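Written below as C-alpha cells is the structure these notes are about.
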Amino acid sequence: MIDRETGACSAFSALGTLPDDDGGIAEEYADALAAISALEKALAGRVPTNDTPDGRLLLTLAWLKLDILAQRLPIPAAARTVFYLVGSGELNPIPGVKAPLHRLYLVMKGIGLIKPRHVPLLLSMIDDLYADAQAIWSELPIEEREVMDDLHARGAALRLKGEWPSANPLQRRQTGLANPVLECHVPDFDNRMTDITASLFEEWRPYAAKKPRLDPPHPGLPRQAPPEPERPNPGWFRP
C-alpha cells in the first residue's frame, strides 16, 4: 500500500508535467493518473461506449485524463460513473479493476490516499484510542479487549517493521454497535475506530490530514453555472 506513492509519481511524470506544489493538487493528479493507467490496462481491448458499464468507465477515464493533463480538474471532482461503479461493484470481477477503481474513487471524492508522511499521525491515533481503552480495561469484555489488542498489535507491526495489514479479520467487531462498552465509555469511539481502520485497511488518508477543496491551476468552466437568461416575455412557455 505505502509504495503506491512512488508508483503514482512515476505515472504522473510519464503522462504529463504539472507544477510541484508540495503535495497539493499535483499529488492528487498523480494518484489519479496512476489509477487511470492501471484501469486502462485492466480494461484493454474493451470498447468505450455508453452501452456497458466498462465502456462508460473507459469514457470517464478518458475525460478525467484529459482534464488532469490540461490542469483544469478540481478536487473533489464529480466523477459520478466512478462513484456509481464503486457502489455497484459490477466491475469488481474483472481482474485488476477493483483496487485502482477504489483508489480513483478516494481521489475524486477528495478523501485522498494515505502516504508515508501520514504514518506518524495514524500511529498516534491508534495509541490514543488504545490508551483510552486501557483506562477502562477492567470493564471491557474479552471480545472488546481482543479488538483493541489486535489494533494495538497492528500499530506496533507498522511502527517497528513497516508492515501494513493485508486483511481485517476483526472487521465485524470493530464498530460501535458490536463494542457497546467501548462505545459508551471511550469518547467518540466509533468515529475514531472507523477513521483508523479506513486508513489501515482501505488506504484512506486520515481525516485529520484531509486536504481542503483544491482548485485547478488552469480552471475551465466554473463550478457553478451562470443563471439562465430571463424570458423575453414572462407569459411565454419555455421548457
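Numbers for the structure displayed
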| quantity | calculated |
| --- | --- |
| The one condition in (1) at pLDDT 95 or above; (2) surrounded by 15 or more Cβ atoms within 10 Å (Cβ to Cβ); (3) among the hydrophobic types (A, V, I, L, M, F, W, C) that W137 fails to fulfil | (2) |
| Residue selected from the stretch 29-54 under the condition within 17 Å of K98 (Cα to Cα) and acidic (D, E), by the criterion surrounded by the most Cβ atoms within 10 Å (Cβ to Cβ) | D31 |
| Which listed residue, of L69, L106, is crowded, with 16+ Cβ neighbours inside 10 Å, among the aliphatic types (A, V, I, L, M) and either in contact (Cβ under 8 Å) with a residue 40 or more places away in the chain or farther than 19 Å from A198 by Cα (or both) | L106 |
| Pairs, first among the charged types (D, E, K, R) in the stretch 25-51, second assigned to a helix (DSSP H, G or I) and modelled with pLDDT under 95, C-beta under 7 Å, six or more apart | D31/A8 |
| Pair list, Cβ under 7 Å, 6 or more apart: the stretch 139-153 residue without any contact (Cβ under 8 Å) to a residue 40 or more places away in the chain, other residue β-branched (V, I, T) and part of a helix (DSSP H, G or I) | E144/V181; H152/I126 |
| Unique match (being farther than 17 Å from T60 by Cα and without any contact (Cβ under 8 Å) to a residue 60 or more places away in the chain) among P116, P120 | P120 |
| Qualifying positions in the stretch 185-213 - charged (D, E, K, R) and touching a residue at least 12 places away in the same chain (Cβ under 8 Å) | D190, R192, D195, E202, E203, R205, K210, K211, R213 |
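A quick yes/no check of all residues on (1) assigned to a loop (DSSP other than H, G, I, E, B); (2) touching a Phe, Trp or Tyr at 6+ places or on another chain (Cβ under 6 Å); (3) modelled with pLDDT under 95; (4) of a type in the set (S, T, Y):
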| position | (1), (2), (3), (4) |
| --- | --- |
| M125 | no, no, no, no |
| L129 | no, no, no, no |
| E144 | no, no, yes, no |
| P187 | yes, no, no, no |
| D190 | no, no, yes, no |
| L200 | no, no, yes, no |
| P222 | yes, no, yes, no |
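The values are calculated or read from the model by the stated rules, or taken from the named source; none is laboratory data. Owing to the predicted nature of the structure, the values given are computational and were not obtained by experimental measurement. Neighbour counts run over all protein chains shown; Cβ positions are idealised from the backbone, glycine included.
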